[in-house]
1. Step by step: first the residues of the range 192-212, then only those that are surrounded by 17 or more Cβ atoms within 10 Å (Cβ to Cβ) and of a type in the set (G, A, S), then the one that is farthest from G148 (Cα to Cα). Which residue is that?
2. Considering only residues that are at negative phi, surrounded by fewer than 19 Cβ atoms within 10 Å (Cβ to Cβ) and in contact (Cβ under 8 Å) with a residue 40 or more places away in the chain, which ones fall in the range 167-189?
3. Find the residue count for the range 235-259, including only residues that are in contact (Cβ under 8 Å) with a residue 60 or more places away in the chain and either farther than 14 Å from A196 by Cβ or touching a Cys at 6+ places or on another chain (Cβ under 9 Å) (or both).
4. Which is part of a strand (DSSP E or B) and either among the hydrophobic types (A, V, I, L, M, F, W, C) or under 19 Å from the mean Cα position of the chain (by Cα) (or both), of I121, I135, I81?
5. Hey, among V232, V224, which residue is farther than 30 Å from I81 by Cα, touching a residue at least 40 places away in the same chain (Cβ under 8 Å), open to solvent by less than 20 Å² (accessible area, probe 1.4 Å) and of a type in the set (V, I, T)?
6. Which residues, taken from the range 44-67, are buried (at least 16 other Cβ atoms within 10 Å of the Cβ) and in a helix (DSSP H, G or I)?
7. Kindly list the number of the only condition in (1) of a type outside the set (A, V, I, L, M, F, W, C); (2) crowded, with 18+ Cβ neighbours inside 10 Å; (3) more than 30 Å from F256 (Cα to Cα) that fails for R130.
8. Taking helices (runs of 4 or more DSSP H) that fall entirely within the range 198-275, which contain at least 1 residues that are touching a strand residue (DSSP E or B) at 6+ places or on another chain (Cβ under 6 Å)?
Amino acid sequence: MTTTNKRRVVAITGGARGIGYHTAEELIRRGHRVAIGDIDQIQLKVAAEELGLDVAVRLDVTDPASVASFLDVTEEALGPIDVLINNAGVMPTGHVHEETDEVTRRQVEINILGVIFGTKIALQRMLPRRQGHIINTASLAGELPVPGLATYCGTKFAVIGFTEAARQEYRRSGVTLSTVRPTFTNTELVAGTSGAKGMRNAEPQEIARATAALIERPQPFVRVTRIAGTMVAAMKFVPERIATQLGAMLGTDTVFLDRVDSAARQAYLERVGRS
């Protein structure tokens with residue numbers, strides 16, 4: 001597809017901080033009309049003021065009625081939605097057997113159901129117009145399993161599988177579906193963790209630029225960073241024994257288990273719990 005600089009109406013879930021916030025900032029810089037939704041009303045107000053947004057709506061992505069209301073308010077203020085970015089997500093860490101049922105449920109509800117609900121509701125609006133773009137934020141952890149993130153990985157594998165199946169289902173409809181697959185990114189999600197040895201985390205601005213480019217030049221998915229994405233793609237062809245050894249060398253087998261600073265991570269986990 002050719003690049004186009006058409007001004008679009010874009011709605012972003014989880015837009016008050018992190019990747020969502022920086023994506024909104026990048027899209028505004030490029031001239032698009034942006035609305036953000038987030039469950040954190042206090043941070044939502046701060047983000048709206050900083051970004052100069054007219055549309056910033058409290059949003060619970062696990063509630064289809066809340067998602068529909070967010071899109072209603074966006075369309076009333078800005079016009080028909082061209083792009084929905086299902087960005088909201090949470091990432092607790094730790095051993096599977098120690099994860100509470102509530103934490104497991106929240107990951108499934110926010111990371112999977114939030115994406116499915118958002119996609120369905122956006123499709124219902126876009127299909128009659130035969131145009132639109134739905135971008136679901138996944139992760140490279142949805143392609144390559146990481147110890148200490150078992151449930152999170154499962155949710156991101158689900159996001160990729162769901163989006164790929166829906167993309168093929170609607171390939172002749174005029175509506176495009178894509179995933180953004182970031183490596184671990186320097187936001188609250190990785191607070192208290194050190195990352196893989198010899199591999200840098202991405203910055204949220206990099207994910208924002210990749211998402212903006214995906215809007216302007218659609219494709220099924222984009223991996224960020226290029227180096228991490230290439231490595232993850234290559235690991236699919238590496239024998240398991242060698243992959244395990246590489247994981248140990250890079251420290252990815254323990255980075256979200258034994259090498260977590262619980263105190264540095266506490267504020268994020270408390271916020272996830274309150275949500």
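The values are calculated or read from the model by the stated rules, or taken from the named source; none is laboratory data. Source: prediction; values computed, not measured. Virtual Cβ from ideal backbone geometry, glycine too; neighbours counted across all protein chains shown. Just the protein is used for accessible areas: all its heavy atoms, side chains included, with ligands, DNA and RNA removed. Shrake-Rupley method; radii C 1.70, N 1.55, O 1.52, S 1.80 Å.
1. Looking at the filtered set, the residue picked out is A212.
2. Initial filter on the range 167-189 (at negative phi): 167-173, 175-189.
Still in the list and also surrounded by fewer than 19 Cβ atoms within 10 Å (Cβ to Cβ): 167-173, 186, 188.
Within the range 167-189, R167, Y170, S173, E188 meet the criteria.
3. Counting residues in the range 235-259 that are in contact (Cβ under 8 Å) with a residue 60 or more places away in the chain and either farther than 14 Å from A196 by Cβ or touching a Cys at 6+ places or on another chain (Cβ under 9 Å) (or both) gives 1.
4. Working: I121 fails: part of a strand (DSSP E or B); I81 fails: part of a strand (DSSP E or B).
Selected residue: I135, the only one of I121, I135, I81 that is part of a strand (DSSP E or B) and either among the hydrophobic types (A, V, I, L, M, F, W, C) or under 19 Å from the mean Cα position of the chain (by Cα) (or both).
5. On the way: V224 fails: farther than 30 Å from I81 by Cα.
Among V232, V224, only V232 is farther than 30 Å from I81 by Cα, touching a residue at least 40 places away in the same chain (Cβ under 8 Å), open to solvent by less than 20 Å² (accessible area, probe 1.4 Å) and of a type in the set (V, I, T).
6. Of everything in the range 44-67, those that are buried (at least 16 other Cβ atoms within 10 Å of the Cβ) and in a helix (DSSP H, G or I) turn out to be L44, A47, A48, L51, P64, S66, V67.
7. Going through the list (1) of a type outside the set (A, V, I, L, M, F, W, C); (2) crowded, with 18+ Cβ neighbours inside 10 Å; (3) more than 30 Å from F256 (Cα to Cα), R130 breaks only (2).
8. 204-216, 226-235
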